[in-house]
1. As I understand it, the dipole of the range 151-275 uses +1 on the Cβ of Lys and Arg and -1 on the Cβ of Asp and Glu, about the Cα centre. Which of 245, 166, 260 lies farthest toward its positive end?
2. Test of understanding: what is the full-extension gain from residue 42 to residue 394, defined as 0.36 nm times their sequence separation minus their Cα-Cα distance?
3. Provide the FRET efficiency to the nearest 0.05 for the residue 230-residue 387 pair, computing r from the beta carbons and using R0 = 35 Å.
4. Just need the Rg to Rh number for the chain, please, alpha carbons only, Kirkwood Rh.
5. Quote to one decimal, in nm, the extra length available between residue 13 and residue 273 on full extension: 0.36 nm per residue of separation minus the C-alpha distance between them.
6. Give, rounded to the nearest 20 debye, the magnitude of the charge dipole that the range 56-100 has about its Cα centre when Lys and Arg contribute +1 at Cβ and Asp and Glu contribute -1 at Cβ.
7. What ranking, highest mean first, results for peptides 156-166, 77-87, 110-120 when packing means the other Cβ atoms within 10 Å averaged over each residue?
8. Would you list which lysines come within 30 Å of residue 308, measuring only between C-alpha atoms, while excluding same-chain residues fewer than 8 positions from it?
Amino acid sequence: MTLDDEVLTLFDQIVHRNPAEIEFHQAVLEVLTAIRPALRRDRSLCDAGLLERLCEPERQTMFRVVWTDDRGKAQVNRGFRVGFSSALGPYKGGLRFHRNVTLGVVKFLAFEQIFKNALTGLGLGAGKGGSDFDPAGRSDGEIMRFCQAFMTELHRHIGPCTDIPAGDVGVGGRELGYLFGQYKRITNRFDAGVLTGKGLLIGGSHVRPEATGYGAIYFLESMLEARGEKIEGKRAVVSGSGNVAYYAMEKLQQLGATVVACSDSGGYLHDPAGIRLDLLHELKFVRRRRLSTYVESVAGAAFMPFEKPWDVPCDLVVPSATQNELDGVGAKSLVRNGVVAVVEGANMPCTPDAVQTFRDAGVPVAPGKAANAGGVATSAFEMQQNAARDQWQAVDVDRRLRGTMRTIHDTCLATADDHDLPGDYGAGANIAAFHTVAAAMNALGLI
Ligand code: NDP
Ligand code: 2IT
């Protein structure tokens, strides 16, 4: 059997075994396709069922979450935690609370996390979890009761050397505080290392809230530098307006770019003068209002309901909301308008069609598993601080974050070069990460 046949047969088996999990299929196919040059060079990487083992989660947990809403009505949701790989360390990855969360979504995210975490070089296995709980419009009390009910089951499956959850869509500092509070209550232990992304008073790290967005822009800085360009003076479009998007916008502005658009699930905001981040912060994080309310305070800004921001002319685009938000049509529009670099702040925001469109146009794309690794890397720094009962200064965390992103960037580029795919960050990221995980799996024997 040729290598391509072997890979396709494996992919068919995975689709058959995991029916209807389309995001998971997409993530697996992307990796299996990208690592072919490495497999071609060393066929022994397919031995001992390594690829089959890599694509099968070590453990998957699903559970019922029952909580009471403000009217006293019992609500039932589904909770998930997938431990995909512990070859490099304990399972590590976020929790997502969103109405679209299914087992397939959690598996795609946990699978991506294997490669992302390997790229950090910080000894992290990979997991992901969450719930189909929809936080939109829920009161603070409802959020707290949901988090407590969720942790009442989850606590059995996690621990500082076993599995360390963090935030993701719908889960930020507030939710992690409630989750940690319940873990502490049930276990009778202030075991800070069991969760990352905590507030500063309860064992959190400086710069963890900023880390994913800042890290993505540090990656972009290196990308542009490699092409003799810089961020200063460029126009940027960032999708989303949550944790990752907000801090990506902040770093872009600090480095001299103008961010002209961002979005939420209701549409996009266009402010040609540059998004006012102080106002955005107040609206989104303090008052928890919709993005559309921004235009009530800024003349010259417009909100486009139900639209995505890909028709707004820009040099840089940082999709930072959700998977498959940027398709081939959006990519063509961005290319037509002269985009010079794409950085995935979110996990898998570009469809395969979009990636191909950028590739054909010679526009470099930084894949999420490399570009957004600053979040989980800083989670690893939080774990280091927790283990030492220490708290580092913000400048020190930021310096480590920046250094980590530069190393990941250089690794991707060098690995792509080494496989005769210069500038192909996707190939570089997948191949470099795959080599690391494969070596650890082989060292551990059949696991
Ligand atoms: P947040 O919940 O803070 O923000 C999510 C943003 O994306 C909101 O603006 C939200 O709009 C929008 N959004 C979410 N789902 C959809 C959807 N289905 N369609 C359209 N818009 C949507 O999440 P984060 O910023 O933390 O996460 C964003 C992305 O970054 C995700 O892909 C996540 O996996 C990834 N990521 C996050 C990391 C972290 O540390 N938080 C680390 C690495 C990656 P609305 O409010 O209207 O729902
Ligand atoms: O997708 C991700 O990398 C995250 N949501 C952060 C994971 C973490 O453990 O910090």
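Each value in this text was obtained by applying a stated rule to the coordinates, not by laboratory testing. Since the model is a prediction, treat every value here as computed from it, not as a measurement. FYI the Cβ positions are ideal-geometry reconstructions off the backbone, even for glycines, and counts take in every protein chain you see.
1. Of the listed residues, the answer is 166.
2. Fully extending the segment from residue 42 to residue 394 adds 122.4 nm.
3. 0.40
4. 0.95
5. Length gained, residue 13 through residue 273: 88.5 nm.
6. Roughly 140 debye, rounded to the nearest 20.
7. 110-120, 77-87, 156-166
8. List returned: 107, 116, 128, 230, 234, 251, 284, 332, 369.
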